[in-house]
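Read the structure below first, then the notes.
Values in this text are rule-based calculations from the coordinates and carry no lab data. Being a predicted model, the structure only gives us computed values, none of them experimental. Because the Cβ atoms are built from the backbone with ideal geometry, glycine has one as well, and the counts that use them run over all protein chains shown.
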Amino acid sequence: MLHKISQELKEKIRQFPASDKIIFNNRLIEVDKANFEQIPENFSSKTIAFVDGGQAEILSAGNFCLSFIRVGALAYSHNKKVSEYLHEFYLLITAKYENNDLLYEAKIFSSKGEKIIDESDLAISSIDNSIKTSQERASITQVTGIARRFAELALAATVSAEIILLDGTLEPSYRHEEKYLDKLPENVCALAKSSSLFTASGNSPLVLLNKLSPPGCWIYLLEKDSYFVKLHEKAKHVFRFTGNKESLPSLRENSTDALFLGYPYGLIAVDKLARVSHEEKKALKMNFLLKSENREIAEYLSATNAHDILDNLG
């Protein structure tokens, strides 16, 4: 069975044409070897700040969700850390039925008392096209991802560095996201580990460009301030980059770690800084549920934890 699947898949891959077009923003972009541009080896003293976030769902029922969100930034100069930023908060999302619609509202709780994002920007309908899938209403937990994204953008707007790099893209996906994107300074750029783009024949543009590209580190223009890039000559991965291409020589300098050749080490480090581990999530959940005054809340969880019970049976 697996042999037949492998043969079918390899046959499909072999059918991709040597020349193709990338589908990007409803346009067809011809892939041409002449459009590759080398990234110069021009090491500088510019500081680069890397921004990322992490989240953990602590409690969740059909009508509420409590999550913990952490966003951080690490600034480097010549691959040495020079500064660190960290912001953490709890996010309580509740549901209410109003005007024949199920709405989600959020409230932020921070030990420092400051709110890095506006709670009103997280108010959203469960049938908003930016969060729902197919014909189903979006789960209340979807709002956590929106809050984390807004917090990452808000933090990036406050960081002091000559280059600021976000994990992901600079394209809006949610309602009110433009508000946070508009506050970003011009030196902000973004690097996406994965891409959902396709070529006209259904191929992956990342695979196609890797086959056609020249040796070394290179950049391939999609449209103004949008590129595919390879940041190390021995890297196997190609990433999508958004921002000023003048930042790329500095990012190339930061992409030499053997852990992930061609991927900026600063993004690896800030991911570790912001990530909420499984052990930390369990501790946060237990600290909340063990409080005697929260027994009433625990009753709501028993209605939705069937999947957890089944997972633990193994």
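What's the angle, to the nearest 10 degrees (0 to 90), between helix 142-156's Cα axis and the longest principal axis of the chain?
60
Filter the GluC sites (Glu not before Pro) in the range 125-212 to those in DSSP coil with at most 16 other Cβ atoms within 10 Å of their Cβ, and list the result.
162, 186
Let me have the 222 nm mean residue ellipticity of the chain computed from DSSP H runs of 4+ only, each contributing -39500 (n - 2.57), with the sum over all residues rounded to the nearest 500.
About -7500 deg cm²/dmol.
So what is the diffusion coefficient of the chain in µm² per second by Stokes-Einstein at 25 °C and 0.890 mPa s, using a Kirkwood Rh over Cα pairs?
Roughly 112 µm²/s, to the nearest whole number.
For the range 40-63 and the range 68-127, what is the separation of their Cα centres, given in Å?
Taking the Cα centre of the range 68-127 as reference, the centre of the range 40-63 is 13 Å away.
Can you run phi through the Karplus equation (6.51, -1.76, 1.60; θ = phi - 60°) for the range 103-118 and list ³J(HN,Hα) in whole Hz, with x for Gly and Pro?
Once rounded to whole Hz, the list reads 10, 10, 10, 10, 9, 9, 10, 10, 5, 7, x, 9, 10, 6, 10, 8.
I want the local charge near residue 275. Using Cβ-Cβ distances under 10 Å, sum +1 for each Lys or Arg and -1 for each Asp or Glu among the other residues.
Around residue 275, the surrounding residues sum to -1.
Using Cβ counts within 10 Å as a stand-in for footprinting exposure, how do 104, 180 rank, fewest first?
180, 104
Any idea what angle helix 2-14 forms with the longest principal axis of the chain, computed on alpha-carbon atoms, 0 to 90 degrees, nearest 10?
50
Starting from the Cα gyration tensor of the range 31-137, take the square roots of the eigenvalues, sort them a ≥ b ≥ c, and report rounded, prolate or oblate (rounded when a/c is under 1.5, otherwise prolate if a/b is larger than b/c, else oblate).
Oblate.
For the chain, what proportion of DSSP beta bridges, expressed in % and rounded to the nearest 5, is antiparallel?
90
Where does helix 278-289 land angle-wise versus the long Cα axis of the chain, in degrees 0 to 90, nearest 10?
20
Hey, fewest Cβ within 10 Å first, where do 139, 173, 247 land in order?
Going from least to most buried by this count: 173, 139, 247.
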